[in-house]
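Working notes for the structure below.
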Amino acid sequence: MSSAIINGKEIGQQIRESIAQRVETLKQNGLTPGLAVVLVGDNPASKTYVANKQKSCEAIGMFSELVKLDAATTQEELVAEIEKLNGRDDIHGILVQLPLPKQIDEDAIIAAIDPAKDVDGFSPVSVGKMMLGQETYLPCTPFGVMKLLEYTGIDVAGKHAVIVGRSHIVGKPMGQLLLQKDATVTYTHSKTNDLPSYTKQADIIIAAVGRPNFITAEHVKEGAVVIDVGINRDENNKLVGDVDFASVDGIASHITPVPGGVGPMTITMLLYNTVQAAEIASA
Ligand code: GUN
């Protein structure tokens, strides 16, 4: 039997409908939620991501402003732009698209964002609060994965979740969010020895390693839930995840497709965080 597909497009749409209602209520009270998206340079993938984020904002009735800066922008110039956005009443969320050009220290830039507007959840203040289980903006991709599991009715409490990948954006926070919901968490990564010996024990596998078709049948226990966070291009330029879908299909109980799984949830949770920031600002 085939694995059940976790449809991120559908779940994302449901959540976006409830966000749209919250946007409408804010607008009736005279406030339009605003997101500033800062793009430095001409990275083609970043340009596509940014365009999608802006389109989604506008589709839901939010205001979105693109701050487009030259690839030669200095760190000081970028900090000055962020400080301007920090001070603006019509901007509730600030997102600096990563990666940044080499001359700019990403950590310093992320730290310059007012934590009250850090809708990506990347700043040291947001990460610290998340670690402590305090209320804060959660990073959009792992937050979206938690929503996928919740909407699919998968209770993670007591389950063994094995995370493959240790990025600041996905792997590390993913483990924290699962831990907070009482999962038992194992972190693995591209340098883990004998990876299948870990992933084979998983009730839930989170593949976030950034390697096309890396997770195959040999990694997956019968009945495991497989969440594929990867967005890669294969040798034919086709969009593929970190999981070899055909190989794992029928072994996993549930699986997310690429595209249409985790991807749509990342932008959905960005909208969610932004409306939340606007509500807090209006309170
Ligand atoms: N680059 C890749 N993913 C992300 C993301 O979620 N947020 C930002 N700001 N940049 C990214």
Exercise for the section: Quick one: which residues, 5+ away or cross-chain, put their amide H under 5 Å from the amide H of L69? H built at 1.01 Å from N. Expected result: L39, V40, G41
Practice task
Any of K47/K221; K55/K191; K9/K47; K84/K147 with alpha carbons more than 30 Å apart? Name them for me.
Solution key: K47/K221; K55/K191; K84/K147
Completion exercise
Residues meeting the amide H criterion for I215 (H placed from the backbone, H to H distance under 5 Å, 5 or more places apart or on another chain) are V243, D244
Exercise for the section: Compute the convex hull volume of the Cα atoms of region 140-263, divide it by the residue count, and report the result per residue in Å³ as a whole number. Expected result: 95 Å³
Problem - Unit charges on C-beta of K, R, D, E only; dipole of the chain, Debye - result: 320 debye
Fill in the blank from the handout: In the chain, whole DSSP H helices that both stretch 27 Å or further along their axis by alpha carbon positions and average at least 0.5 on the Kyte-Doolittle scale are 263-282
Problem - Extreme residue, positive dipole direction of the chain, given options T256, Y49, L98 (C-beta unit charges) - result: T256
Practice task
Compute the length gained on full extension between S46 and E65: take 0.36 nm times their separation in residues and subtract their Cα-Cα distance, giving the result in nm to one decimal.
Solution key: 5.3 nm
Fill in the blank from the handout: The long-range amide H neighbours of S64, using H built 1.01 Å from N in the peptide plane and a cut-off of under 5 Å, are L35
Completion exercise
Along region 239-247, Karplus-curve 3J(HN,Hα) (6.51, -1.76, 1.60; θ = phi - 60°) to the nearest Hz, with x for Gly and Pro, reads 6, 9, x, 8, 10, 7, 4, 4, 6
Exercise for the section: Would you kindly compute the Cα radius of gyration of the chain and its largest Cα-Cα separation (Dmax), both in Å? Expected result: 19.0, 57
Fill in the blank from the handout: Kirkwood Rh over alpha-carbon pairs of region 21-70 plugged into Stokes-Einstein at 37 °C, 0.692 mPa s gives a D in µm²/s of 280 µm²/s
Practice task
Calculate the spin-label point distance for K102 paired with Q134, positioning each point 7 Å from the Cα along the beta-carbon direction, and give it in nanometres.
Solution key: 3.8 nm
Practice task
Restricting to region 140-263, compute how many DSSP beta bridges are antiparallel as a %, nearest 5.
Solution key: 10 percent
Completion exercise
Rounded to the nearest 5, the percent of DSSP beta bridges in the chain running antiparallel is 5 percent
Exercise for the section: Alpha carbons only, please: Rg and Dmax for region 29-117, in angstrom. Expected result: 12.9, 43
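Readers should treat all values here as calculations from the given coordinates under stated rules, not as data from a laboratory. Everything quoted here is computed from the prediction, not taken from an experiment. With ideal geometry, Cβ positions are generated from the backbone for all residues, glycine too; neighbour counts draw on all protein chains shown.
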